[in-house]
Structures are given as structure tokens and as C-alpha cells.
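A.B. asks: A single structure is presented below for examination.
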Amino acid sequence: MSDLQRPGADWELQFVIAGCAEKRMPVEIVGSGSKRGIGRPVDGAVTITTASLRGISLYEPNELVMSARAGTPLSQVESELATRGQMLPFEPIDLGPATGAAHGSQTIGGVFATNMSGARRIQCGAARDHLIGVKGVNGRAELFQLGGRVMKNVTGYDVTRGLAGSWGTLAVMTEVTFKVIPWPETAATVIYLGLPDDLAIELLSTALTLPVEVSGAIHLQAPVAARLGHPGLRIMGKSVTALRLENFSSAVAGRKQHLKEMLKVYGKALELDHRESLEFWGELRRLSVMPNRPSLLWRISTKPTTAPKLVAAIKRYMPVEVYYDWGGALIWLEVPAADDASTAEIRRVTAIHGGHATLIRAEPAVRAAVEVFQPLDPGLERLTRGLKAAFDPAGILNPGRMYANL
Amino acid sequence: MPANTCNRRMTVTIRYRLEHPIAVLLSKSMTAIGGAAILNFCTRRAAHLNFLKLEPPMTLSRMPEPDRTVLDRSEAIIGELVALLGADGIISREEGRRAFEADALTAYRQPPLAVALPRTTEDVSKLLKYCRQAGVKVVPRGAGTSLCGGATPTADSIVIGTSRMNSVLETDFVNRTITVQTGITNLAITDAVSAEGFFYAPDPSSQLACTLGGNLAMNSGGAHCLKYGVTTNNVLGLKMVLMDGEIVEINGPYLDSGGYDFMALVIGSEGQFGIITEATLKIIPRMPFARPVMLGFSSCEAAGQCVAAIIGSGIIPVAIEYMDKPAIAVAEAFAKAGYPLDVEALLIVEVEGFEDEIDRLLRAITDIARNFDPQVVEASTSTEHSDRIWKGRKAAFGAMGRISDYYCMDGTIPLARLPEVLSRIGEICAEKRLKVANVFHAGDGNLHPLILFNANDPDEAIRAEQAGAEILKLCVAVGGCLTGEHGVGIEKRDLMDIQFSPSDLAVQMRIKSIFDPHWLLNPGKVFPLPAQELGEQSAADEAA
Ligand SMILES: Cc1cc2nc3c(=O)[nH]c(=O)nc-3n(C[C@H](O)[C@H](O)[C@H](O)COP(=O)(O)OP(=O)(O)OC[C@H]3O[C@@H](n4cnc5c(N)ncnc54)[C@H](O)[C@@H]3O)c2cc1C
Ligand SMILES: Cc1cc2nc3c(=O)[nH]c(=O)nc-3n(C[C@H](O)[C@H](O)[C@H](O)COP(=O)(O)OP(=O)(O)OC[C@H]3O[C@@H](n4cnc5c(N)ncnc54)[C@H](O)[C@@H]3O)c2cc1C
């Protein structure tokens with residue numbers, strides 16, 4: 001068990017990191033540790049948790065902006081926003097249930113450090129799109145503050161956004177400032193059953209080219225749909241293709257009609273009302289259709305039109321179960337456990353069709369042995385090493401978390 | 001137009017349709033340059049600063065001393081460039097180089113050593129590789145509409161202009177993306193997809209002329225950004241050439257990048273990280289209709305509170321524009337938009353959607369506005385009506401330019417501080433014995449105070465610049481920032497340490513050093529010069 005440090009103030013964090021940098025002691029950074037199972041395992045002599053850096057420091061509902069200390073639980077952020085009828089636009093997914101960690105335990109710092117966005121990303125953008133200010137300490141133990149609390153800001157380079165998705169390997173964020181949006185008055189879901197992957201993605205693409213602001217566009221293969229909570233959908237034994245509309249009630253009603261009219265060649269549509277929609281999309285957000293099992297979970301970012309082809313190509317090598325999100329631009333792929341995580345096949349197929357693949361769930365020994373993140377081209381690798389060295393020259397922050405030897 | 005006539009170099013001055021917010025100065029010498037015509041946009045403010053150049057006041061920022069060893073090698077360097085690109089791709093004659101001596105911040109004019117006009121990514125790669133080896137500085141340039149001096153050359157630099165790299169490479173309506181070369185104009189991107197019902201969301205007012213490359217370098221915004229975000233929120237992938245000639249592809253037509261978010265770092269890097277040659281952008285289906293409502297108030301407080309209440313109510317309009325009394329008077333006199341002249345503040349709030357949705361939204365907005373005692377509530381009832389309401393706003397800058405020289409600021413503030421900031425801006429300008437008009441994007445707090453002054457009066461011009469600096473300091477003091485969309489460039493570079501601590505600046509400068517270890521790209525911009533020299537030095541130290 002490594003030494004656990006729980007700084008309660010920026011200066012304390014600086015102090016801890018300065019000590020580690022001097023002794024070149026590797027540090028593992030955790031929020032609540034909810035995504036600890038993701039990425040390459042980190043072997044840190046010291047663990048720094050942001051759990052004591054907690055609290056909402058600024059909330060201006062009329063300006064759609066909030067600042068919170070990085071260790072603030074996401075649940076606290078979301079319940080505070082809910083009191084004013086607002087939410088995080090990008091609907092952060094919760095990897096907990098899929099990776100065997102508790103559900104609902106992640107911190108707001110962890111959410112931005114991993115840039116994990118949910119279904120609404122296609123309409124509203126990713127976590128990184130909403131991060132507008134950050135305070136943090138880098139591996140040189142320097143405290144820095146970049147961006148700010150206003151939405152329009154081009155003063156200096158956009159380092160704030162550059163820290164999103166860096167998995168704690170560049171700096172420990174102590175405070176994040178982000179944009180929020182109002183809850184829509186109502187939500188509705190239009191569902192088509194039994195479509196094969198290629199037709200389903202075609203349907204989603206058609207819907208996304210209509211001016212109705214679809215805010216969720218997913219397709220679950222039949223075995224995946226069989227794990228849904230909704231009894232009616234679970235027992236059908238069919239694939240589920242779903243579109244979400246969110247707006248004020250009369251707009252949702254009108255747009256839904258328009259959408260169904262334009263998609264009628266795909267068959268008869270089922271509908272979920274507001275309450276059912278919240279449950280349905282809430283489940284997807286927790287990834288509970290991909291429950292924690294010994295199988296591997298991959299996450300592949302690609303072009304919607306190539307997604308079904310990519311999946312079919314992998315299927316030639318191994319059985320697959322798939323949840324397509326973002327209109328097909330994101331593939332959650334479950335495949336049988338393998339010592340090499342089937343890396344060679346999956347990376348080869350992804351390279352042919354174009355995209356990035358990240359291994360999300362595997363045994364720690366497997367994650368330590370293979371490349372978990374998309375391998376980099378030489379040019380980007382050089383920049384990646386440079387960026388790491390600029391923030392953390394001694395290489396003490398989450399060493400090896402994203403890439404071996406980095 | 002005394003400010004313009006004092007500019008000896010501009011041979012012809014054409015007023016580009018007077019209702020346009022800016023005067024376009026089209027220099028005859030430019031038409032001689034092959035390829036696309038290059039428009040040199042120029043504001044009245046820029047024209048005024050032009051005048052200042054004749055007697056630079058102390059407040060103007062200094063540029064780094066040119067490298068003698070490079071100037072001495074000029075001829076050899078030009079010879080090498082011609083060998084790389086052919087004589088047709090290199091401009092080295094005096095009058096040709098003059099066309100590139102400034103951007104829209106014309107206070108700074110310095111013809112470059114030469115100008116290169118590549119056609120492909122490979123051309124750019126060859127050029128940069130050579131410049132890196134020869135130790136020659138490079139200034140990337142799109143259309144030259146930067147308002148902060150972002151594209152200003154130095155005497156020892158090569159300008160690499162993207163005007164010949166303006167093709168659409170691929171449109172993919174099913175996946176909702178477009179891939180283009182970065183010399184394409186912003187408007188041409190939307191033009192390429194509008195027949196299919198799509199648009200490219202970021203729409204700076206300079207969109208007729210400015211290039212995507214400039215938009216990417218500045219992370220430009222536009223009227224629609226309240227709803228659709230700025231440039232960085234609408235880009236999927238980039239191809240860029242680093243200073244050593246290496247071509248890197250960052251992400252692609254995918255929503256998530258695989259590793260570090262280099263796209264975030266490159267967008268907004270003001271041409272200092274590399275030359276972006278291609279980009280894949282998101283395109284969005286256009287809503288069927290859009291219509292504005294005009295709301296007039298007896299105080300700026302009431303207008304500010306109304307904006308906050310609209311946003312707080314859960315409605316996100318496409319645009320919320322604000323004009324104060326002086327701006328209304330000028331815009332109305334010019335555009336006959338039917339603006340009320342007796343109100344202190346006017347809001348134009350636009351919503352979009354299907355017809356019945358718009359009716360409902362406009363009703364909801366006017367209901368909210370009634371809580372703030374509006375003197376005027378006028379919702380558009382037809383396309384002609386909408387056009388008329390927008391006509392005044394769109395003409396405001398140009399109309400202002402007809403009655404006075406002005407200096408346009410670009411700070412952003414938290415919306416809640418609006419009334420206090422507006423009254424402080426009034427005081428600052430009054431102390432300097434200057435008038436000010438406010439026309440800005442209220443939804444996101446991005447202010448554009450126009451400080452009015454007479455460019456023929458050097459003392460007044462200096463007072464205007466001082467008032468500008470004070471206003472920017474005020475924006476930072478209330479929790480905002482120096483620049484919301486125009487960028488730092490030369491203009492705000494020396495104010496950076498008001499907003500950032502030395503370690504904040506160090507964090508940024510180290511990133512610059514990764515991309516461009518010898519600091520050859522777009523020199524003299526973004527950071528205060530002493531900090532730049534320090535950053536360059538420590539990059540060299542760390543490399544050693
Ligand atoms: C590729 C990948 C694969 C995974 N696979 C598994 C798995 O197989 N099994 C499993 O149980 N979990 C897995 N996880 C999940 C992970 O290990 C944690 O369970 C989850 O991240 C916890 O969320 P959190 O908010 O508690 O943040 P943490 O998990 O504590 O942190 C998430 C990441 O963000 C960083 N971070 C957190 N806070 C900050 C901050 N303030 N500043 C900077 N960086 C910060 C952390 O260093 C870490 O890299 C995986 C995560 C990734 C990225
Ligand atoms: C009348 C007027 C109205 C304006 N309105 C707005 C507005 O509403 N919103 C807004 O945000 N801005 C506005 N601007 C500012 C300006 O138009 C933008 O900054 C624009 O993005 C600049 O584009 P450009 O092609 O003219 O770039 P340039 O001025 O040529 O260059 C700008 C910067 O980009 C760099 N650059 C150019 N091309 C590349 C490339 N391919 N790779 C790397 N770096 C490159 C240059 O080195 C320079 O630093 C306005 C300007 C004017 C004159």
C-alpha cells in the first residue's frame with residue numbers, strides 16, 4: 001500500500017508534489033479512484049487523492065457557469081445544478097458499473113481528466129468543450145491558473161482544454177470551471193426495433209441530418225438490448241435503435257412527428273415518454289448494458305458510416321456484442337477475454353477503417369502488458385513526449401498510465 | 001477621410017458597400033499577385049493607428065530587432081525559396097511585399113523579407129524545413145483581417161500565405177463533416193454545404209474575407225456562438241506542418257482524439273505552433289426559421305438583468321445583441337431600422353426553430369422582458385421585418401466609422417457585472433474626455449466598446465489607447481479576460497501579465513517550445529517581449 005496523501009489546499013498539494021519531484025518518486029493521482037481500473041495500472045510510491053479538495057466555489061445560474069474544487073463528487077455537482085434546473089451538457093458517463101467500481105462515485109476532476117462524455121455529446125459537445133477554466137499543480141510543483149470563468153476567452157493558448165483527457169499525467173487539477181445548460185422542459189425517445197447494424201446506423205445518420213436537434217442516437221445489438229431495464233424492450237429479443245429529442249413540450253411533439261414521418265421506411269416506431277426516457281438514457285449513461293464481466297471492453301471512435309463495417313470485420317475474428325453511441329461515431333465493443341486483449345486484431349481492423357481504439361476493461365496484468373490507448377504516429381508521439389516533459393519533466397505524475405515509459 | 005489619406009501606400013480606397021461594418025481597402029498592387037484576390041480588410045480604427053505610426057506614441061509595443069545575419073543573406077534566401085516553389089510562388093519585389101506589411105491592425109507595418117504562396121501541404125513542408133535549417137522566421141497569414149496584429153511580419157521573416165490553398169477536399173453529408181484547405185474563406189465553407197441544408201457554425205463578422213486558417217489560429221467566434229460554440233468546438237481534425245517540416249495529423253473525422261488533446265492546444269495558438277494546412281469540420285443542419293425580437297429599456301441595468309433572466313429561464317437564444325444609446329442613434333440614422341431613439345439600451349434577441357416554436361419562444365422572452373419595464377417590445381413578424389431589425393445592428397460599426405474614428409475593444413466580463421462595468425467604461429472615457437458607444441454580444445459577455453476619437457489629434461489618439469488599456473484591466477479585475485475573440489497578437493501582448501502570473505505564462509511558453517523549439521514561428525506576438533526572450537532561452541537550456 002502506497003503512502004496516501006490527502007491535501008486540503010493548493011499549497012499542500014504543491015508541497016507534496018515538490019517533495020516527490022525532488023526524490024523522483026512516482027505519484028498516482030486519484031479522485032475517488034472510480035476509474036482506477038481504466039488505463040495502464042500505475043505503480044505509485046505515493047497516492048494523492050483530491051478527495052479533500054471539495055466544494056462548489058462559484059455558481060452563477062444566470063451565466064450558465066460553475067466552478068468546483070476537483071475532488072467534489074459529481075453527484076454533488078449535479079444535485080446542486082438540479083436545484084436551479086440545470087445540468088452538465090455532456091452527460092458524463094459513469095464507467096463504475098462496467099469496470100467493477102461503485103456507481104456514482106466519480107469526482108468532477110476525474111470527469112474532466114478523462115474527458116468522458118455521454119450520449120448528448122453529439123448535440124452539445126464533449127466534456128472538453130465545456131471546460132473553460134482550470135487551476136492546478138504540474139509535476140514541477142508550480143501552481144497555475146488558466147482560462148477563466150467567461151465563455152469567450154482567447155487570452156493565451158487554450159491549455160485548459162488541453163488538460164482534458166490527460167488522465168492526471170500532466171498536472172493535478174485543483175479546481176475546474178465549466179459551462180452548464182438548462183434542463184430541457186421535456187424529453188421523448190423514438191425507438192425502432194430489430195434493425196441490423198448497417199440499417200440502424202443509416203437511420204441514425206438520417207435523423208442527425210434533420211433540423212430537429214436529436215440529442216441522443218444509439219443502437220444496441222439484441223444481446224445488449226436484452227440487458228435493458230425497460231421490461232418492454234428487454235424481452236423483445238431484438239436490437240434497439242433509439243433517438244432522443246429534448247426541448248419544450250410542444251416543440252418535442254412537433255419534431256417527433258416530423259422525425260417519424262421522415263423515418264417511416266424503417267418501420268413502426270415505439271415511443272418512450274419523458275419519465276421512461278430519463279430512465280432509459282440514465283441506464284445508458286451508467287453503461288449498465290455492459291455490466292462488469294471477465295470479457296474485454298473496448299471503446300472505438302470512428303466515422304458513423306464505417307462503424308458497422310468495422311464491427312463486422314472484428315466479428316470475423318471473435319464474437320462481439322456492441323453498443324453504438326453518438327450516431328455510430330462511438331463503438332462500445334465487448335469481446336471475450338484474451339491475454340493480449342485481442343489487441344492485434346482490433347488495432348489492425350481499426351487502422352483499416354480509420355479511428356481510435358481504447359481498451360477500457362481488462363485484467364490489470366493484461367492492461368499492463370498491452371497498449372491501452374491508441375498507439376501514436378511518430379510525429380504525435382514526439383509532441384506527446386514533449387508535452388509530458390513540459391508539465392512533468394521528472395515523469396512522476398501517473399507514470400505509465402496512458403503510455404508505457406511516459 | 002483624413003486618417004486614410006495620410007496613408008501614402010494605399011493607392012486606392014474603395015468603400016465596400018457602405019452598410020458593411022468595415023471599409024475594405026483593396027490595394028491595387030495586390031491584384032498583380034496571381035491566384036485568389038487578397039482583400040485587405042481594415043477598420044477605421046486600424047486606419048487611425050496607421051496615422052499613429054507616423055509618430056508612434058510611447059504606448060505602442062516594440063517589435064523584436066531583426067536578425068542582421070538573416071537580412072544580410074536575403075538574396076540567397078530568396079534564391080532558395082524560388083528553387084523550392086518556383087518564381088511564381090515567391091514574392092520578393094518591394095511593391096509585392098508591401099501588400100503583406102500589415103493586417104487589420106495597420107499601426108504595425110513592416111514588409112517581410114519575402115512572401116511564399118504554397119499550393120499544397122508538401123509545399124509548406126518544404127518551405128518550413130528550409131526556413132528551420134536556415135534559421136529564418138516565418139509568419140503564417142490567411143486574409144490579414146486580424147485586429148490584434150497577429151499576422152504582422154518582421155523584416156527578417158518570410159510570410160507564408162495560404163491564399164492558393166482554398167479548396168474543398170471532401171464534403172460528407174452523411175457523417176456531417178467537410179474537409180478543406182485552410183486558405184478557404186469562412187463563408188465559402190458554409191456556401192459549399194448550404195444547398196444540402198447545412199452550415200458551418202462559427203461566423204465572425206469578417207467571414208466574407210477571413211480564412212479558416214486565421215479562424216483556427218485565433219479560435220474565432222461569431223454571432224451564433226452562444227448556441228453553437230466557437231471555432232474549437234466545431235473542428236474534428238487538423239493537418240499541420242511543424243517548423244521542421246514534419247507533417248502531423250491530429251485526430252481525423254472522429255469525435256474523440258486518441259491521446260492528449262493537441263487540437264485544443266493548436267486552435268488558438270495564433271500561428272505560433274505550426275502552419276495548419278487542412279481541417280475537417282463539423283457541419284450542422286440549419287434550423288428552418290429564425291426571428292428576432294427587439295427590446296428597449298430605460299437603463300442598462302434593466303437590459304443586463306433581462307439578459308440574465310432570459311438565460312436563467314432555460315431559453316438559449318441563438319444571439320443576444322446589445323446596443324447603447326449612442327450606438328442606437330448612429331445605427332438608426334444610417335440604417336433606418338426603426339430603432340427607438342429614447343431608450344438607453346436595446347437588445348436584439350434571436351431564436352430559431354420551426355414557426356410555431358419561434359412564436360412560443362418569442363412570447364416567453366417578451367413575458368420575461370416585461371418584468372424589467374421595457375419601453376419597447378417589437379417582435380419580428382416577417383422576413384423583411386427581421387432583416388430590418390438586423391440591418392441596424394450589422395451596420396453599427398460601419399455607421400459609427402462614418403461619424404468618427406473609433407478604437408474597438410474585445411474584453412469579456414461575467415454578465416452579472418455588466419451594469420457596473422458599463423458605467424465604469426463611461427467614467428473612464430469621460431475622464432479621458434472621450435465618447436464611447438457599446439455594441440456587443442450580450443449573451444456571452446463579450447464587450448466591444450467603441451472609443452470614439454479624432455485620429456487627427458495625436459493627443460486624443462493616445463488618450464483613446466490609454467482608455468482602452470484601462471477598460472481591459474477593468475475586464476480582468478471583474479473576473480473576465482483581455483480578449484474574447486480577436487486574440488492577443490502584438491496589441492495585447494504587453495497586458496498579458498495582468499491576467500497571468502509568471503508560472504501561468506511559463507506553462508504556456510513551454511508548450512510553444514515543444515512545437516517550435518527555436519521560436520521561429522510568428523515572432524514577437526502573444527507574450528511580453530522580455531518573457532519571450534526568457535522562454536526562448538529556457539527552451540535552449542532544456543534542449544542542451
Ligand atoms: C483506459 C481506462 C481503463 C480503465 N479500466 C478500468 C478497469 O478495467 N477496471 C476498473 O475498475 N476501472 C477502470 N478504469 C477506471 C478508473 O480506474 C477509475 O475507476 C475511475 O477513473 C475513477 O473516477 P474518479 O473520479 O474517482 O477519478 P479517478 O479514477 O480517481 O481518476 C480518473 C483519472 O483522472 C485522473 N484524475 C482524477 N482527478 C484528477 C485531478 N483532480 N487532476 C488531474 N487528474 C485527475 C486520475 O489520475 C485518473 O487518471 C479505467 C479507466 C481508464 C481511463
Ligand atoms: C471587420 C472585422 C470584423 C471582425 N469580426 C470578428 C468576429 O466577429 N469574431 C472574431 O472572432 N474575429 C473577428 N475579426 C478578427 C479576424 O477576422 C479574425 O481573427 C480572423 O480569424 C482572422 O482570419 P484571417 O484569415 O484574416 O487571418 P490573418 O489575419 O491572416 O491571421 C490571423 C492569425 O492567424 C495565423 N494564421 C493564419 N493562417 C494560418 C494557418 N493556416 N496556420 C496557422 N496560423 C495561421 C496568423 O499567423 C495570425 O496569427 C474581425 C476582423 C475585422 C477586420
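The values are calculated or read from the model by the stated rules, or taken from the named source; none is laboratory data. Just so it is clear, the structure is predicted and the values come from calculations on it, not from any experiment. In this analysis, Cβ positions are derived from the backbone assuming ideal geometry, glycine residues included, and neighbour counts consider all displayed protein chains. In case anyone asks, the SASA skips ligands and DNA or RNA and just uses the protein heavy atoms, side chains included. Shrake-Rupley method; radii C 1.70, N 1.55, O 1.52, S 1.80 Å.
A.B. asks: Which of A:GLY194, A:GLY55, A:GLY267 moves the most in a Gaussian network model of chain A with Cα springs under 10 Å?
C.D. replies: The residue that fluctuates most here is A:GLY267.
A.B. asks: Another question, if that's okay. Hey, got the dipole for segment A:186-285? About the Cα centre, +1 on K and R Cβ, -1 on D and E Cβ, debye to the nearest 20?
C.D. replies: Details: 11 positive and 11 negative charges, 37 e Å.
The dipole magnitude comes to about 180 debye.
A.B. asks: OK, next. Using a 10 Å cut-off on Cβ to Cβ distances, tally the other chain neighbours for every residue of B:482-489 and report the average as a whole number.
C.D. replies: On the way: counts 4, 5, 6, 3, 1, 3, 4, 0.
Mean shielding by partner chains, rounded to a whole number: 3.
A.B. asks: Okay, next question. Ranked highest first by average number of other Cβ atoms within 10 Å, how do B:124-137, B:376-389 line up?
C.D. replies: Working: B:124-137: 20.6, B:376-389: 15.8.
Highest-to-lowest ranking by the protection proxy: B:124-137, B:376-389.
A.B. asks: Straight-line reach from B:LYS432: which lysines have a Cα under 24 Å away, not including same-chain ones fewer than 8 places off?
C.D. replies: List returned: B:LYS53, B:LYS325, B:LYS473, B:LYS492.
A.B. asks: Give me the net charge for the shell around B:ILE311: Cβ to Cβ below 13 angstrom, other residues only, Lys and Arg +1, Asp and Glu -1. Walk me through the numbers on the way to the answer.
C.D. replies: Numbers: positive: A:ARG84, A:LYS179, B:LYS227; negative: A:GLU60, A:GLU63, B:ASP444.
Counting the neighbours of B:ILE311, the net charge comes to 0.
A.B. asks: If I build a Gaussian network model for chain A, linking alpha-carbon pairs within less than 10 angstrom, which residue out of A:ARG316, A:ARG244, A:ARG149 has the largest mean-square fluctuation?
C.D. replies: A:ARG316
A.B. asks: What is the magnitude of the charge dipole of chain B about its Cα centre, with +1 placed on the Cβ of each Lys and Arg, -1 on the Cβ of each Asp and Glu, and no other charges, expressed in debye to the nearest 20?
C.D. replies: Details: 50 positive and 65 negative charges, 241 e Å.
Using only the charged Cβ atoms, the result is roughly 1160 debye.
A.B. asks: Tell me, what is the per residue accessible area of the protein assembly as shown in Å², probe radius 1.4 Å? Don't skip to the end; give the middle numbers.
C.D. replies: Details: 32470 Å² over 950 residues.
Heavy-atom accessible area per residue stands at 34 Å².
A.B. asks: Once a ≥ b ≥ c are taken as the square roots of the eigenvalues of the Cα gyration tensor of segment B:289-397, is the result rounded (a/c under 1.5), prolate (a/b larger than b/c) or oblate (a/b not larger than b/c)? Mind showing how you got there, number by number?
C.D. replies: Values: a/c = 1.96, a/b = 1.17, b/c = 1.67.
Judged from the Cα gyration tensor, segment B:289-397 comes out oblate (a/c at least 1.5, b/c at or above a/b).
A.B. asks: Taking 41 Å as R0, compute the FRET efficiency from the Cβ-Cβ separation of B:ASP367 and A:ARG285 and round it to 0.05. Could you put the intermediate results ahead of the total?
C.D. replies: Working: r = 34 Å, r/R0 = 0.82.
So the FRET efficiency works out to roughly 0.75.
A.B. asks: With chain A treated as a Gaussian network of Cα nodes joined by springs under 10 Å, which of A:PRO89, A:PRO73, A:PRO319 yields the largest mean-square fluctuation?
C.D. replies: A:PRO319
A.B. asks: Divide by every residue of chain A the summed helix terms, -39500 (n - 2.57) for each DSSP H run of at least 4, and state the resulting mean residue ellipticity at 222 nm, rounded to the nearest 500 deg cm²/dmol. Spell out each step's value before the answer.
C.D. replies: Working: 16 runs with 134 residues, N = 406.
Per the formula, -9000 deg cm²/dmol.
A.B. asks: At what distance in nm do the modelled label points of A:TYR317 and A:ARG6 sit from each other, each positioned 7 Å from its Cα along Cα→Cβ?
C.D. replies: The answer from the label model is 4.5 nm.
A.B. asks: Quick one: dipole size for segment B:289-397, taken about the Cα centre, charges +1 on Lys/Arg Cβ and -1 on Asp/Glu Cβ, in debye to the nearest 20. Mind dumping the intermediate values first?
C.D. replies: Numbers: 10 positive and 17 negative charges, 47 e Å.
Charge dipole of segment B:289-397: 220 debye, to the nearest 20.
A.B. asks: Okay, next question. Of B:ALA531, B:LEU216, B:SER61, which is farthest towards the positive pole of chain B's charge dipole, taken about the Cα centre with +1 and -1 on the beta-carbons of Lys, Arg and Asp, Glu respectively?
C.D. replies: Farthest along the dipole direction, towards plus: B:SER61.
A.B. asks: What is the spin-label model distance, in nm, from B:LEU84 to A:ALA369 if the labels are put 7 Å beyond Cα along the C-beta direction?
C.D. replies: Each label point is offset 7 Å from its Cα along the Cβ direction, giving 4.8 nm.
A.B. asks: Can you list the lysines whose alpha carbon is less than 24 Å from that of A:LYS303, not counting same-chain residues fewer than 8 positions off?
C.D. replies: Output for A:LYS303: A:LYS315, B:LYS239, B:LYS282.
A.B. asks: Next up: Would you please classify the overall shape of segment A:5-114 from the alpha carbon gyration tensor, given that a ≥ b ≥ c denote the square roots of the eigenvalues, rounded means a/c under 1.5, and beyond that prolate means a/b larger than b/c while oblate covers the rest?
C.D. replies: Note, shape of segment A:5-114 comes out oblate.
A.B. asks: Listed highest first by mean packing, meaning other Cβ atoms within 10 Å per residue, what order do B:498-507, A:372-381 come in? Walk me through the numbers on the way to the answer.
C.D. replies: Numbers: B:498-507: 19.0, A:372-381: 17.2.
Highest mean packing first, the order is B:498-507, A:372-381.
A.B. asks: Given a 1.4 Å probe and heavy atoms of the protein chains only, how would you sort B:MET240, A:MET262, largest accessible area at the top? Don't jump to the answer; show the numbers that get you there.
C.D. replies: Values: B:MET240 0, A:MET262 95 Å².
Largest to smallest exposure gives the sequence A:MET262, B:MET240.
A.B. asks: For the charge dipole of segment B:112-229, defined by +1 on Lys and Arg C-beta atoms and -1 on Asp and Glu C-beta atoms about the Cα centroid, which residue among B:GLN133, B:VAL180, B:THR162 has the Cα displaced farthest towards the positive pole?
C.D. replies: Sorting the options by dipole projection puts first B:GLN133.
A.B. asks: Also, quick follow-up: Work out how much length B:LYS435 to B:HIS518 would gain on full extension: take 0.36 nm times their residue separation and subtract the Cα-Cα distance, in nm to one decimal. Working shown, then result.
C.D. replies: Details: separation 83, 0.36 × 83 = 29.88 nm, distance 4.46 nm.
Result: 25.4 nm gained on full extension.
A.B. asks: Could you tell me the calculated FRET efficiency between B:ALA477 and B:ILE316, based on Cβ-Cβ distance and R0 = 25 angstrom, to the nearest 0.05? Could you put the intermediate results ahead of the total?
C.D. replies: Details: r = 28 Å, r/R0 = 1.13.
The calculated FRET efficiency here is 0.35.
A.B. asks: Another one. Which shape class applies to segment B:96-172: rounded if a/c is under 1.5, otherwise prolate when a/b exceeds b/c and oblate if not, where a ≥ b ≥ c are the square roots of the Cα gyration tensor eigenvalues? All intermediate terms of the calculation are to be shown ahead of the outcome.
C.D. replies: Details: a/c = 2.37, a/b = 1.22, b/c = 1.95.
Here segment B:96-172 falls in the oblate category.
A.B. asks: I want to check the label-to-label distance for A:LEU270 and B:GLU427. Put each point 7 Å from Cα in the C-beta direction and report it in nm to one decimal.
C.D. replies: 6.4 nm
A.B. asks: While we're here: Ignoring ligands, DNA and RNA, what percent of the 1.4 Å accessible area of the protein assembly as shown is carbon and sulfur?
C.D. replies: Working: 17160 of 32470 Å².
Of all accessible area on the protein assembly as shown, carbon and sulfur atoms account for 53 percent.
A.B. asks: Find the sum over both chains of the accessible area lost when A and B are paired, probe 1.4 Å, and report it in Å² to the nearest 100.
C.D. replies: Working: alone 17170 and 21980 Å², together 32470 Å².
So the total buried area for this chain pair works out to about 6700 Å².
A.B. asks: With each run of n ≥ 4 DSSP H residues scored as -39500 (n - 2.57), what mean residue ellipticity at 222 nm is computed for chain B after dividing by its residue count and rounding to the nearest 500 deg cm²/dmol?
C.D. replies: On the way: 20 runs with 205 residues, N = 544.
It comes out at -11000 deg cm²/dmol, rounded to the nearest 500.
A.B. asks: If you don't mind, another one. Using a loss threshold of 40 Å², tell me which positions in segment B:323-371 are less accessible in the complex than in their chain alone. Probe radius 1.4 Å, ligands and nucleic acids ignored.
C.D. replies: B:PHE354, B:GLU357, B:ARG360
A.B. asks: I would also like to ask the following. When we measure straight from the Cα of A:LYS238, which aspartates and glutamates land under 14 angstrom away, once same-chain ones fewer than 8 places off are left out?
C.D. replies: A:LYS238 reaches A:ASP197, A:GLU321.
A.B. asks: Right, next: Can you pull the mean other chain C-beta count within 10 Å for peptide B:241-253?
C.D. replies: 3
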